[in-house]
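**Q** The structure that follows is given in the form of structure tokens.
The values are calculated or read from the model by the stated rules, or taken from the named source; none is laboratory data. Source: prediction; values computed, not measured. Here the Cβ positions follow ideal geometry from the backbone for every residue, glycine too, while neighbour counts run over all protein chains shown. Side chains included, ligands, DNA and RNA excluded: accessible areas come from the protein's heavy atoms. Shrake-Rupley method; radii C 1.70, N 1.55, O 1.52, S 1.80 Å.
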Amino acid sequence: MSFGLDKCAVTHLLKGRLQGLVQEMELIDGSIISALRAGESYQYLGFDQNQAQDTVKIKMALCSEYKRRLRRLWSSELSGKNKVEATNMLAVPVLTYSFGVVKWNLNELQDLDRETRKRMHMERSLHPRSSVARIYLPRHERGRGLLGLENLHNRVALQFACSIQRCSDPLMQLVHDHEVAGVGTFLYKAAQHAADTLGLDFRTDREEEHEPNQLRAGIKTAEFRFLLQQHKDKSLHGVFYRHVEEQGLSKPLTFAFLKSAALKSETEGFILACQDGVINTLSYRSRVMHMDVPDISCRVCQRAPETIMRILSSCSVHATAGYIHRHNAALRVLCYHLRHSYGINKTPVLPYAPGEIGSVVGNERCRIYWNYSFSTTRLLRATKPDVVLLDITSKTMYVIEFSAPAEGNIVTKEEEKQTKYHDLLMELRRLNPGYSVRMVVLIVGVLGGMRPSFLANLRTIPAC
């Protein structure tokens, strides 16, 4: 066995001080280990070491490397979800490696978190007034899943402290006694601050009734609750969250887009800005930013205050063009899926910019009607449903209606669709004897809100 002596160094310390001129060390085989002199350092586990750590130099090196990786990742062509995961795997560990070893104060960590958000904003991936807490919530809990350095430092310090408290190793007991003494220590102090922030009970004693393992198991849960409550308590940012709960909407379906790795980070950030209500409308400028706006009426229709929900769902001018285009763009995904499933189209590829979709297409298995006005024997209020699938094999006709209202109108809109086409369903049953007719209503809110029954309604269609 041989050693890399060029990576080795020798020094003599007495009570933490260098002892005179250090001589090189000669081994029995004649090999020489160089001496570590004053002003020189030795790298151990990535940190420069001598009789004391040069904390300032170490922090500068770590921050520089962290920012370099952050800049390269967020300027890349990765999707939004992959950028966050790459940051958590490649950039954040540069700093977390030093947690518990190098003393970080909260201001330094908060500055680095701000630097991260600043970089995201520079790459058009984060609105500057979006909710900060939501950035650090896990993706399965309606956030973006980024690891916050301050939160991570608190978690690591608390976990380390819990491990030291219950460890029976004599050296760990010495560490515990040193931290309890409180002279030149920082680990237990950081753990106590983290516990106070998260509402946990952390004690430095070794009493039998005190169970650090139980405390350690609940750290992530407490951190999630703290961030979620911080977001929901915001008078503006928490409106959409509270609306989802009040309307009984499905949280997994409403926030399913966060689990997709196909969205660009710019698109993802823009959707979250809309849900947080921080889009720069006239109403937002006047009421939130306190700017002097003479008239906050909608600049398109001039009929009501210009809010994000007004633009997305209730502007009479947009209703004649923009809303119809959005409606058709969403529904054509289902239409082309049906055409491919029944063999009308050979390829499942959805055309990005299709021309006019055929009003009636079909084969020996089915017929698909798109915005087709059915002839009836009596005057009906509504005879032109969005999509009608006539399944010849099962002798079933599916009347499919889609709508994208404001989240507060989802329940009302679904009931309205059922009532609106009730007479048409009766007429189609009479005109198509032997066929059963089913109504399928699909409602997606303008900000993504969906009821728990959405997937059940979609599954009633055979091809879905």
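**Q** Inside the range 92-107, can you point out the residues that are of a type in the set (A, V, I, L, M, F, W, C) and open to solvent by 10 Å² or more (accessible area, probe 1.4 Å)?
**A** Hits for the range 92-107 are VAL94, VAL101, TRP104, LEU106.
**Q** I've got another one for you. Have a look at THR396, THR419 and point out the one that is under 18 Å from CYS366 (Cβ atoms) and not hydrophobic (A, V, I, L, M, F, W, C).
**A** None of the other options fit; the residue is THR396.
**Q** Another one. Pick from ILE324, ILE308, ILE271: which is under 26 Å from the mean Cα position of the chain (by Cα) and either closer than 30 Å to VAL399 by Cβ or open to solvent by less than 40 Å² (accessible area, probe 1.4 Å) (or both)?
**A** ILE308 is the lone residue from the list that is under 26 Å from the mean Cα position of the chain (by Cα) and either closer than 30 Å to VAL399 by Cβ or open to solvent by less than 40 Å² (accessible area, probe 1.4 Å) (or both).
**Q** Inspect all residues belonging to the range 55-63 and state whether any of them is under 30 Å from GLU268 (Cβ atoms), at pLDDT 85 or above and assigned to a helix (DSSP H, G or I).
**A** Checked the range 55-63: at least one residue is under 30 Å from GLU268 (Cβ atoms), at pLDDT 85 or above and assigned to a helix (DSSP H, G or I).
**Q** I've got another one for you. Give me the pairs: first residue in the range 72-94 and within 15 Å of TYR136 (Cα to Cα) and free of Cβ contacts under 8 Å to residues at least 24 places away in the same chain, second residue of a type in the set (A, V, I, L, M, F, W, C) and open to solvent by 20 Å² or more (accessible area, probe 1.4 Å), beta-carbon distance under 6 Å, and six or more apart or on different chains, which are they?
**A** These pairs meet every condition: ALA86/LEU73.
Conditions (1) open to solvent by less than 40 Å² (accessible area, probe 1.4 Å); (2) out of contact with any helix residue (DSSP H, G or I) (no Cβ under 8 Å at 6 or more places or on another chain); (3) closer than 22 Å to VAL446 by Cα; (4) touching a residue at least 60 places away in the same chain (Cβ under 8 Å), marked per residue:
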position: HIS193; (1), (2), (3), (4): no, no, no, yes
position: VAL244; (1), (2), (3), (4): yes, no, yes, yes
position: LEU253; (1), (2), (3), (4): yes, no, yes, yes
position: THR267; (1), (2), (3), (4): no, no, yes, yes
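**Q** Give the range 217-227 a look and list any residue that's of a type outside the set (Ser, Thr, Tyr) and surrounded by fewer than 19 Cβ atoms within 10 Å (Cβ to Cβ), or say none.
**A** The answer is ALA217, GLY218, LYS220, ALA222, PHE224, ARG225, PHE226.
**Q** For VAL156, which of the numbered conditions (1) aliphatic (A, V, I, L, M); (2) open to solvent by 20 Å² or more (accessible area, probe 1.4 Å); (3) not in a helix (DSSP H, G or I) fails to hold?
**A** (3)
**Q** Kindly indicate the residue of the range 397-417 that is touching a His at 6+ places or on another chain (Cβ under 8 Å) and more than 26 Å from SER373 (Cβ to Cβ) and also least open to solvent (accessible area, probe 1.4 Å) among those meeting that condition.
**A** Checked the range 397-417; the qualifying residue least open to solvent (accessible area, probe 1.4 Å) is GLU407.
**Q** Which number in (1) closer than 22 Å to ASN82 by Cβ; (2) open to solvent by 30 Å² or more (accessible area, probe 1.4 Å); (3) part of a helix (DSSP H, G or I) marks the one condition that LEU112 misses?
**A** It is condition (2) that LEU112 fails.
**Q** Going by the structure shown, is LEU442 among the aliphatic types (A, V, I, L, M) and free of Cβ contacts under 8 Å to residues at least 40 places away in the same chain?
**A** When the stated conditions are applied, LEU442 does not pass them.
**Q** With SER34, SER41, SER76 as the choices, which residue is under 23 Å from the mean Cα position of the chain (by Cα) and open to solvent by 30 Å² or more (accessible area, probe 1.4 Å)?
**A** SER76
**Q** Another question, if that's okay. Write out, first by first residue and then by second, each pair whose Cβ atoms fall under 7 Å of each other, whose residues are 6+ apart or on separate chains, and whose first residue, in the range 387-409, is among the charged types (D, E, K, R) while the second is open to solvent by 30 Å² or more (accessible area, probe 1.4 Å) and outside any strand (DSSP E or B).
**A** ASP391/PRO462; LYS395/GLY434; LYS395/TYR435; GLU407/HIS243; GLU407/GLN247
**Q** To continue, here is another question. Looking at (1) surrounded by 15 or more Cβ atoms within 10 Å (Cβ to Cβ); (2) under 21 Å from the mean Cα position of the chain (by Cα), find the lone condition where ASN50 falls short.
**A** (2)
**Q** Can I ask one more? Inspect all residues belonging to the range 123-144 and state whether any of them is crowded, with 19+ Cβ neighbours inside 10 Å, modelled with pLDDT of 90 or more and in contact with a Phe, Trp or Tyr (Cβ under 6 Å, 6 or more places away or on another chain).
**A** Looking for residues that are crowded, with 19+ Cβ neighbours inside 10 Å, modelled with pLDDT of 90 or more and in contact with a Phe, Trp or Tyr (Cβ under 6 Å, 6 or more places away or on another chain), one finds none in the range 123-144, hence no.
**Q** Considering ARG367, ARG378, which residue is open to solvent by 70 Å² or more (accessible area, probe 1.4 Å), basic (Lys, Arg) and either at pLDDT 95 or above or in a strand (DSSP E or B) (or both)?
**A** ARG367
**Q** Which of (1) assigned to a helix (DSSP H, G or I); (2) aliphatic (A, V, I, L, M); (3) open to solvent by less than 70 Å² (accessible area, probe 1.4 Å) is the odd one out, the single condition MET89 does not satisfy?
**A** MET89 satisfies all of (1) assigned to a helix (DSSP H, G or I); (2) aliphatic (A, V, I, L, M); (3) open to solvent by less than 70 Å² (accessible area, probe 1.4 Å) except (3).
**Q** Moving to a separate point now. Test each condition in (1) open to solvent by 100 Å² or more (accessible area, probe 1.4 Å); (2) farther than 29 Å from PHE160 by Cβ for HIS12 and report the one that comes out false.
**A** (1)
**Q** Output the residue which, of all residues in the range 328-351 that are open to solvent by 60 Å² or more (accessible area, probe 1.4 Å) and over 26 Å from PRO405 (Cβ atoms), is modelled with the highest pLDDT.
**A** HIS340
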